[in-house]
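Contents: one structure, followed by commentary.
The values are calculated or read from the model by the stated rules, or taken from the named source; none is laboratory data. Computed from a predicted model, the values in this text were never measured in an experiment. Glycine gets a Cβ as well: all are built from the backbone with ideal geometry, and neighbour counts include every protein chain shown. Ligands, DNA and RNA are stripped out before the accessible areas are found, and what is left, the full protein with its side chains, is counted by its heavy atoms. Shrake-Rupley method; radii C 1.70, N 1.55, O 1.52, S 1.80 Å.
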Amino acid sequence: MLAIFVLLITCKQVRKATDLITKPSARELYARNYENDSVRFPLWKKSFESSLKDSLSIDLPYSETGTYFDELYRTYSYNIELHKGRTFFVEIQTDTVGKKVFIDLYKISKDSLGTIELIESNNENAKSIEYQIEDSGMYKLTIQPEIEKTSSFSMRLYTRPVFGFPVAGKDNQAIQSFWGAARDGGQRTHEGLDIFADRGTPIIAATDGRVSSTGNRGLGGNQVWQRTGIFGYSLYYAHLDSILVNSGEKIETGDTLGLVGNTGNARTTKPHLHFGIYQGYRGAIDPLPFVWISEVPQFESYKDRIETPVISISGSRANLRNRPGLGGAKIGKAITNDTLALLGLTDKWAHVQNQEGMKAFVHLSLVDFTNAKIK
């Protein structure tokens, strides 16, 4: 008996030491609690593995509300296009204290196989992730509640720019010329953004860093160059009316670098800031994702949620789409009285799963909630 006890202690110590190196995810740690469960855990695991093959797509910002039902083994999966220069946020609220939710973000390879690589997971007791995107492309997000405890949920997915907006008091509407626009009769393309504002409007540092150089030269006229770090970005602020910082000066986000003008080759245009971003050997990159201000959706209220595991189709025919919108591709259909599992609600669409396991979105005008419990 003593030998068995010692063996168990030793195994736990070995696993703990291994965990320090491998850093298991919250999902992996949770799964250990069900290693001897031959009924519920295999179904829970199968649901997750199947979700990795789902092809539903959403646009950001996105919000959804619904109910996680005990032992229904549902996993939520979305394909999302994300861009370098953005930070991606997933936030989930539940009305049950201690309810665990597992959030995993995968990068989808650009090869023909579409293989996926896990790049971020939530902490064991967290219901959120925050991840700065380093490579533009397609990503897959999976969300799976723990096996136990029914709980209503509300989630929101969105991105924010890595940098601040570089002209004081202005926003997206002030951008009037974008990356790639033709210049000099098509001989070159625009390698930045033109942000228009009154002469003398403060130009502010989009992020922390150091002034690498200043001066009046070339097409940019009065200009400030900023470095964000040894292996970071070079930020280019051009056409300034005046420069208010010196080379080598350390600056923080929001510090005034100069004033909007139209020096250099912009002397025949209205005052504006030309803002560019350069990254090492890659040269200029599109700065728009780095500064574009986007909406942060609100959490949907629990009081209006619909609590039912299934719904039925009320119309004669309903198209099942791969994204919540009429522009979504038709991936299936349902007819009157067909029963669908309800995963959640988003705006005017229901997130559903048919009896074959295919997930889709269907318009709420085609859905019957007669037997639903509404709070």
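Condition first: assigned to a strand (DSSP E or B), aliphatic (A, V, I, L, M) and out of contact with any Gly (no Cβ under 9 Å at 6 or more places or on another chain). Can you find one or more residues in the stretch 66-80 that meet it? Steps first, answer last, please.
So the first thing to find is which residues in the stretch 66-80 are assigned to a strand (DSSP E or B), and the list is 66-68, 76-80.
With the extra rule that they be aliphatic (A, V, I, L, M), the set shrinks to 80.
Filter once more, so that each one left must be out of contact with any Gly (no Cβ under 9 Å at 6 or more places or on another chain): 80.
There is at least one residue in the stretch 66-80 that is assigned to a strand (DSSP E or B), aliphatic (A, V, I, L, M) and out of contact with any Gly (no Cβ under 9 Å at 6 or more places or on another chain).
Six or more apart or on different chains, Cβ under 9 Å: which pairs go from a residue in the stretch 41-61 that's in contact (Cβ under 8 Å) with a residue 60 or more places away in the chain to one that's charged (D, E, K, R) and in a helix (DSSP H, G or I)? Could you list them?
Phe48/Arg27
Counting only residues that are among the small types (Gly, Ala, Ser) and under 25 Å from Leu82 (Cβ atoms), which one in the stretch 150-173 is least open to solvent (accessible area, probe 1.4 Å)? Talk me through it step by step, then tell me what you get.
Going residue by residue through the stretch 150-173, those that are among the small types (Gly, Ala, Ser) are 151-152, 154, 164, 168-169.
Within this subset, residues satisfying the condition of being under 25 Å from Leu82 (Cβ atoms) are 154, 164.
On the way: Ser154: 0, Gly164: 26 Å².
Within the stretch 150-173, the match that is least open to solvent (accessible area, probe 1.4 Å) is Ser154.
Answer with yes or no whether Arg199 is under 20 Å from Ala168 (Cβ atoms) and not small (Gly, Ala, Ser).
On the way: under 20 Å from Ala168 (Cβ atoms): yes; not small (Gly, Ala, Ser): yes.
The answer is yes for Arg199.
Working only within the stretch 60-94, note down all residues that are more than 30 Å from Pro287 (Cβ to Cβ), among the acidic types (Asp, Glu) and surrounded by fewer than 21 Cβ atoms within 10 Å (Cβ to Cβ).
Result: Asp70, Glu71.
Working carefully through the options Lys110, Lys99, find the one that is surrounded by 16 or more Cβ atoms within 10 Å (Cβ to Cβ) and either assigned to a loop (DSSP other than H, G, I, E, B) or of a type outside the set (Ser, Thr, Tyr) (or both).
Lys99
Checking Gly192 against (1) buried (at least 21 other Cβ atoms within 10 Å of the Cβ); (2) at pLDDT 95 or above, which test does it fail?
Checking Gly192 against (1) buried (at least 21 other Cβ atoms within 10 Å of the Cβ); (2) at pLDDT 95 or above, the one that fails is (2).
Kindly establish whether Pro271 is in contact (Cβ under 8 Å) with a residue 12 or more places away in the chain, in contact with a Gly (Cβ under 7 Å, 6 or more places away or on another chain) and of a type outside the set (Gly, Ala, Ser).
On the way: in contact (Cβ under 8 Å) with a residue 12 or more places away in the chain: yes; in contact with a Gly (Cβ under 7 Å, 6 or more places away or on another chain): yes; of a type outside the set (Gly, Ala, Ser): yes.
Yes.
Take the residues of the stretch 38-47 that are in contact with a helix residue (DSSP H, G or I) (Cβ under 9 Å, 6 or more places away or on another chain) and charged (D, E, K, R): which is farthest from Asp70 (Cα to Cα)?
Lys45
Going through the stretch 113-135 one residue at a time, which ones are touching a residue at least 12 places away in the same chain (Cβ under 8 Å), open to solvent by 50 Å² or more (accessible area, probe 1.4 Å), out of contact with any helix residue (DSSP H, G or I) (no Cβ under 7 Å at 6 or more places or on another chain) and not in a strand (DSSP E or B)?
Asn125, Lys127, Glu134, Asp135
Looking only at the stretch 203-235, count every residue that is closer than 21 Å to Val162 by Cα, outside any loop (DSSP other than H, G, I, E, B) and open to solvent by 50 Å² or more (accessible area, probe 1.4 Å) and tell me the total.
Initial filter on the stretch 203-235 (closer than 21 Å to Val162 by Cα): 203-212, 224-235.
In the following step, the residues that additionally are outside any loop (DSSP other than H, G, I, E, B) were identified as 203-204, 209-212, 224-227, 234-235.
Within this subset, residues satisfying the condition of being open to solvent by 50 Å² or more (accessible area, probe 1.4 Å) are 210, 212, 225, 227.
Number of matching residues: 4.
When both residues are 6+ apart or on different chains and their Cβ atoms are under 8 Å apart, which pairs have a first residue that lies in the stretch 243-258 and is among the small types (Gly, Ala, Ser), and a second that is part of a loop (DSSP other than H, G, I, E, B) and open to solvent by less than 40 Å² (accessible area, probe 1.4 Å)?
Sorted first by the residue in the stretch 243-258, then by its partner, the pairs are Gly254/Gly164; Gly254/Ala205; Gly258/Val245.
How many of the residues in the stretch 326-353 are assigned to a loop (DSSP other than H, G, I, E, B) and open to solvent by 30 Å² or more (accessible area, probe 1.4 Å)?
8
Out of curiosity, is Arg323 under 30 Å from Gln176 (Cβ atoms) and open to solvent by 60 Å² or more (accessible area, probe 1.4 Å)? So that I can check it myself, show each step before the final result.
Details: under 30 Å from Gln176 (Cβ atoms): no; open to solvent by 60 Å² or more (accessible area, probe 1.4 Å): yes.
Judged against the criteria, Arg323 is not a match.
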